[in-house]
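Each remark here refers to the structure printed beneath this line.
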Amino acid sequence: MNTLNELKCTFPARSENESFARTMVCSFASQLDPTVEELADLRTAVSEAVTNSIVHAYRSTEPGLIAVTVRLLPGDVIYIRIADKGCGIADIEQAMQPLFSSAPAEERAGLGFTVMQSFTDSLTVRSKSGHGTTVTMRKKLRHGKE
Amino acid sequence: MVELKEEPRKLTAMLSGELDHHHAKEIREAIDFAVREQLPKTLILDFGHVTFMDSSGIGLIMGRSRLLEETGGTLEIHNPPQQIRKVLRLSGADRLAVIRDTVNGKEPEHEYAQ
């Protein structure tokens, strides 16, 4: 797959970086002149993925790193990869169930993956216990046209 | 950010800025403290000045809905902007609370179902 442009960034899994991460991805996506709604969808999907890493990946260790890669692919497709090297997800299928959360005490709604799925065109989750989780999303920008 | 407005039996939480996981805890604590003090009949979460919300905001709504059940009050969501309405619909949180637009004279309840 030809990558037309790419941005890579690594930052510590701290909650104050949630805002920074979604703003960065949206700034990069802006070169495709997305609609307000498309940009809001991307912003929300990225926020969910990064928040998952911050809330879950390093819960029993010091906050490690989150690596974000954003690519511009042919056909106005934005590719986003968000990876951590945290505890991993033991049961991905269960984690992706709407309203399932392993952190209900922190008032996590259990809707992160549901939002990512709904606001992008494709979502892939790879995870290995003890090795981390990588979330990949793609969204074709249609500029308001179908 | 949250600013609380107390009236007899009514508590309004004027939310503003970005409602994400980073900001949700502080907002939640401020609201819960006031609810437990005041035991309002109605708690209004006003999203009119919220510029961004992810599922952390849904967690906030679900948690306040449970708290109000416990204290015997009802929850209302006022003035959610477009992006927030989309997240509300997706989560079904629009079934947990009455949603109203109170600005621009559009007082009666809005039907947000697609």
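The values are calculated or read from the model by the stated rules, or taken from the named source; none is laboratory data. Note that the coordinates shown come from a computational prediction; the quantities given were computed from them, not determined experimentally. Cβ sites come from the backbone with ideal geometry, for glycine too, and all protein chains shown count toward neighbours.
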task = Would you kindly identify the helices (runs of 4 or more DSSP H) lying entirely within the range A:36-146 that contain at least 2 residues that are free of Cβ contacts under 8 Å to residues at least 24 places away in the same chain and within 15 Å of B:D54 (Cβ to Cβ)?
result = A:36-52, A:112-119
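Residue by residue, here is whether (1) modelled with pLDDT under 95; (2) surrounded by fewer than 18 Cβ atoms within 10 Å (Cβ to Cβ); (3) within 14 Å of the chain's Cα centre (by Cα); (4) not in a strand (DSSP E or B) holds:
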residue	(1), (2), (3), (4)
B:A13	no, no, yes, no
B:S16	no, yes, yes, no
B:I27	no, no, yes, yes
B:D32	no, yes, yes, yes
B:R36	no, yes, no, yes
B:L43	no, no, yes, no
B:F47	no, no, yes, no
B:F52	no, no, yes, no
B:S56	no, no, yes, yes
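Taking the residues in the range B:89-101 that are in a helix (DSSP H, G or I) and within 11 Å of the chain's Cα centre (by Cα) as candidates, determine which candidate is modelled with the lowest pLDDT.
My answer is B:D94.
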key: Candidate set from the range B:62-82 (those that are at the interface with another protein chain (Cβ under 9 Å from one of its Cβ atoms) and surrounded by fewer than 22 Cβ atoms within 10 Å (Cβ to Cβ)); member that is farthest from A:M96 (Cα to Cα)   = B:Q82
Residues that are in contact with a Phe, Trp or Tyr (Cβ under 6 Å, 6 or more places away or on another chain) and either part of a strand (DSSP E or B) or of a type in the set (S, T, N, Q) (or both), drawn from the range A:4-35 = A:L7, A:N17
ask   = Of the residues in the range A:56-89, how many are crowded, with 20+ Cβ neighbours inside 10 Å and within 14 Å of the chain's Cα centre (by Cα)?
value = 10
query = Would it be correct to say that A:E18 is at pLDDT 95 or above and either away from every other protein chain (no Cβ under 14 Å) or in contact with a Leu (Cβ under 7 Å, 6 or more places away or on another chain) (or both)?
reply = no
task = Answer yes if at least one residue in the range A:135-144 is among the basic types (K, R) and either within 12 Å of the chain's Cα centre (by Cα) or surrounded by 16 or more Cβ atoms within 10 Å (Cβ to Cβ) (or both), and no otherwise.
result = yes
